Amino acid sequence: MEIVPLGPGFAAELRGLTLAQIAIDDAAYRDARAAFEEHSVLVFRGQEVSDDTQLAFSRRFGPPEVTKVGSIGTGTHFVTLTTIGPDGKVVPPDHRYALRNKANQLWHTDSSFKPVPALTSVLSARIIPARGGETEFVSTRLAFERLDPALRKKLESSFAWHDYGHSRAQIAPGLATPEERAALPPQCWRMVWKNPANGRGALYLASHAYAIEGMEPAAGKALIDELMAAATAPGRSYLHAWRGGDVVMWDNRATMHRGRPWPSHEARLMVRTTISATTADGLAAMRPPPRQAAE
Ligand SMILES: [Fe+2]
């Protein structure tokens, strides 16, 4: 296995290992897992990906999420991100599929709005546009480590509220349906996720975050916005330009990402599997003390 660094202090390509090998070989998994803990974003090129291979690989890292209500793939372990409608044609820019892609273009971490947040997401390119449609990543671990010590200390004992409806409302009112909002009530998480494998903390933030527990709403939102801006400042990102056969996985505890636009008449189809975080991934320490969760 060869590790080729890609981004500013994080993200790496893993060469000499396939998803299929990692799915069946314990030593290959251990190497990939160590690289995941260290580099936060892993890129695999030239893979032959089927849904089965992707799921078998993903399962190595933990329990797969079941796709939520309102997404393509509900009830399965797969999320299909596409602009191709049921008739096989690319949908118009005001279609719900297109608006959802727009919502994915806000900086976020996956599943922070769910009762069990995600450890990792695995995304494979199935149909890609000729240009555009990149996925851009930042390290919230490096962003956290750049903050001054007093703020780091404050954030380690602060908790933020995350809501799917909040991020969707930034794109279009009603983009999150009443059914989705009912299924996904706001969640409260510690603002720093400490990685048990290396002890390093990372800001746990997303477009879904809207308030900080115990802070006046406007002040809390202003601090969230300031931290998001610092984490995503120019020069801090790794931009992944997709090629056929690419699979990218990222650590939702230590990164944020966003989709980039592409010409709206071009088709794009990506398949995501998402692995839930467990106690071994540092999840228990993310939950607020009971009195704060009671709000
Ligand atoms: Fe995402």
From the backbone phi of the stretch 198-208, what are the Karplus-calculated ³J(HN,Hα) couplings (6.51 cos²θ - 1.76 cosθ + 1.60, θ = phi - 60°) in whole Hz, Gly and Pro given as x?
-> 9, x, 8, x, 9, 4, 10, 9, 5, 4, 6
Bin width 10 Å, alpha-carbon pairs only: give the P(r) of the stretch 87-242 as whole percents, running from 0 to the bin holding the largest distance.
-> 10, 35, 36, 16, 3, 0
Distance in Å, no decimals, from the C-alpha centre of the stretch 200-265 to the one of the stretch 9-79 is 20
Starting from the Cα coordinates of the stretch 28-151, work out the convex hull volume and express it per residue in Å³.
-> 169
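Arranged from highest to lowest average of other beta-carbon atoms within 10 Å per residue, in what order do the peptides 76-89, 98-111, 255-268 appear?
Working: 76-89: 15.3, 98-111: 20.1, 255-268: 18.3.
Descending packing order for the listed peptides: 98-111, 255-268, 76-89.
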Solvent-accessible heavy-atom area per residue, rounded to whole Å², over the stretch 185-295 at 1.4 Å | 41
Kirkwood hydrodynamic radius (Cα pairs, Å) of the chain?
-> 19.4
5 Å-binned pair-distance histogram of the stretch 183-234 (Cα, whole percent) | 4, 18, 23, 24, 16, 11, 3, 0
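If you take every residue apart from Trp242 with its C-beta less than 11 Å away from the C-beta of Trp242, what net charge results, scoring Lys and Arg +1 and Asp and Glu -1? Numbers along the way, then the final one.
Details: positive: Arg45, Arg126, Arg131, Arg243, Arg260, Arg268; negative: Glu134, Asp246.
Taking every Cβ under 11 Å from that of Trp242, the sum is +4.
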Counting only residues 5 or more apart in sequence or on a different chain, those whose built amide H sits under 5 Å from that of Trp242 are Thr135
So, relative contact order of the chain in percent, Cα under 8 Å, 6 or more apart, is 32
Would you work out which of Ala182, Thr273, Phe61 lies farthest towards the positive end of the dipole of the chain? Charges go on Cβ: Lys and Arg +1, Asp and Glu -1.
-> Ala182
Debye sum, Cα scatterers, the stretch 43-111, no solvent: what log₁₀ I/I(0) at q = 0.29 1/Å?
-> -1.25
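Summing -39500 (n - 2.57) over the DSSP H runs of n ≥ 4 in the chain and dividing by its residue number, what mean residue ellipticity at 222 nm do you reach, to the nearest 500 deg cm²/dmol? Walk me through the intermediate numbers first.
Working: 10 runs with 83 residues, N = 295.
Rounded to the nearest 500, it is -7500 deg cm²/dmol.
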Over the stretch 159-267: Kirkwood hydrodynamic radius from C-alpha pairwise inverse distances, Å = 16.2
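How many percent of the accessible area of the chain is carbon or sulfur, using a 1.4 Å probe? All intermediate terms of the calculation are to be shown ahead of the outcome.
Working: 7000 of 12640 Å².
It is 55 percent, rounded to a whole number.
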Can you give me the pair-distance distribution of the stretch 24-70, C-alpha pairs, 5 Å bins, whole percents?
-> 4, 16, 23, 30, 17, 6, 3, 1
At q = 0.16, 0.26 Å⁻¹, what is the base-10 log of I(q)/I(0) for the stretch 113-183 according to the Debye formula with one equal point scatterer per Cα and no solvent? Please give it to two decimals.
-> -1.00, -1.15
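The values are calculated or read from the model by the stated rules, or taken from the named source; none is laboratory data. Computed from a prediction, not measured in an experiment: that's the story for all the values here. For neighbour counting, all protein chains shown are included, and Cβ atoms are generated from backbone atoms with ideal geometry for every residue, glycine included. These accessible areas exclude ligands, DNA and RNA; they are computed on the full protein's heavy atoms, side chains included. Shrake-Rupley method; radii C 1.70, N 1.55, O 1.52, S 1.80 Å.
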